[in-house]
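What follows is one structure encoded as structure tokens, with my remarks underneath.
Nothing in this text is a laboratory measurement; each read-out follows from the coordinates by a stated rule. All of these numbers come straight from a predicted model, not from anything done at the bench.
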Amino acid sequence: MGPPGHAHGGIIATILDEAMGKVNKIHNVVALTSQITVEYLKPVPLGKPLRVESREFSFRGRRHINTAEILDSRGQVLARGRGTFIAVNPEHMFRKFIER
């Protein structure tokens, strides 16, 4: 919890990052977050229905830029994020962990 009855900004950022990351997964791309920016537009209430939407904004080579929004039940945007993700080869990057 951040302000009484509302989500902490770090949790909001995490939700947006996760939503944007799912866009990569839909495209069968394994990508790591390189940068994320968050606009906190209105307090995000706890215990109320919310919707999170994400989409691909652009991609070029290994660089994928995605956006996401957290909306209330009336469709009002409470927070939005934009993230840059770098596609990786998971077998190469995580080889030492997989071989254990």
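How much length would be gained if the chain were fully extended between M93 and E53, taking 0.36 nm per residue of separation minus their Cα-Cα distance, in nm to one decimal?
Working: separation 40, 0.36 × 40 = 14.40 nm, distance 2.91 nm.
Full-extension gain reported as 11.5 nm.
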**OP:** For every helix of n ≥ 4 consecutive DSSP H residues, a contribution of -39,500 (n - 2.57) applies; sum these over the chain, divide by its total residues, and give [θ] at 222 nm rounded to the nearest 500 deg cm²/dmol.
**Re:** -7000 deg cm²/dmol
**OP:** Measure of size requested: the Rg and Dmax of the chain, with Cα atoms as the atom set and Å as the unit; please supply both.
**Re:** 15.4, 49
**OP:** Rounded to the nearest 10 degrees, what's the angle between the helix 9-26 long axis and the longest principal axis of the chain, both from Cα atoms, 0 to 90?
**Re:** 50 degrees
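Express the relative contact order of the stretch 1-57 as a whole percentage, based on alpha carbon pairs under 8 Å and six or more residues apart in sequence.
It rounds to 48 percent for the stretch 1-57.
How big is the convex hull of the Cα atoms of the stretch 14-53, per residue, in Å³?
Details: hull volume 3.4 nm³, N = 40.
Convex hull of Cα atoms, per residue: 85 Å³.
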Subject >> Contact order normalised by residue count of the chain, Cα under 8 Å, 6+ apart, percent >> reply: 31 percent
